[in-house]
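Since the structure comes first, as C-alpha cells, the remarks are kept for the end.
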Amino acid sequence: MGAVKHTPGPWQCDEVRTQCGRAFRIGSGEMLSAGKGCCIIYDDYPGNPVNERGANARLIAAAPDLLALAIQYRDDLKRPPKGDSLARRLEAIEAALAKVEGPTDA
C-alpha cells in the first residue's frame, strides 16, 4: 500500500445548525476549528425520519480509524498477535464502531 493521501485522522463529526435545518461538518480538529477544508453533509430535507445523513457523516468521520484497523488486521493475518494485544485491538474496534454508531438515545 502506498503513502496515505487523505487528511490524517482522527476525524470528528460536528453537527451545526443552518438556516434550513442542520449540517454535519467532518474533518480533523484543525480543519473544523478553521471552518474550512472539511467535508459538509447538509441535512435540510425535513422528510428524513431515519437520520440517514447523520449516520453517513459519522461513518465518514470514522473512515481513518476503520482504515487503520483494516491495515492492522491485514498485518495480523501475516503475523498473528499475542494475547495482550488482542484485548487492545478489540478495544480499538469497539471505539471505532462506537464512533460510527454515534450517541445512543437511552
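Counting only helices (runs of 4 or more DSSP H) that fall entirely inside the chain and contain at least 1 residues that are at pLDDT 80 or above, the qualifying elements are 52-61, 63-78, 83-101. Counting only residues that are touching a helix residue (DSSP H, G or I) at 6+ places or on another chain (Cβ under 8 Å) and more than 15 Å from PRO10 (Cβ to Cβ), the stretch 74-92 holds 3 of them. The residues of the stretch 61-93 that are within 21 Å of the chain's Cα centre (by Cα), surrounded by 11 or more Cβ atoms within 10 Å (Cβ to Cβ) and not small (Gly, Ala, Ser), listed by number, are PRO64, ASP65, LEU66, LEU67, LEU69, ILE71, GLN72, TYR73, ARG89, ILE93.
The values are calculated or read from the model by the stated rules, or taken from the named source; none is laboratory data. On a predicted model such as this, the values are computed, not experimentally measured, just so you know. Glycine gets a Cβ as well: all are built from the backbone with ideal geometry, and neighbour counts include every protein chain shown.
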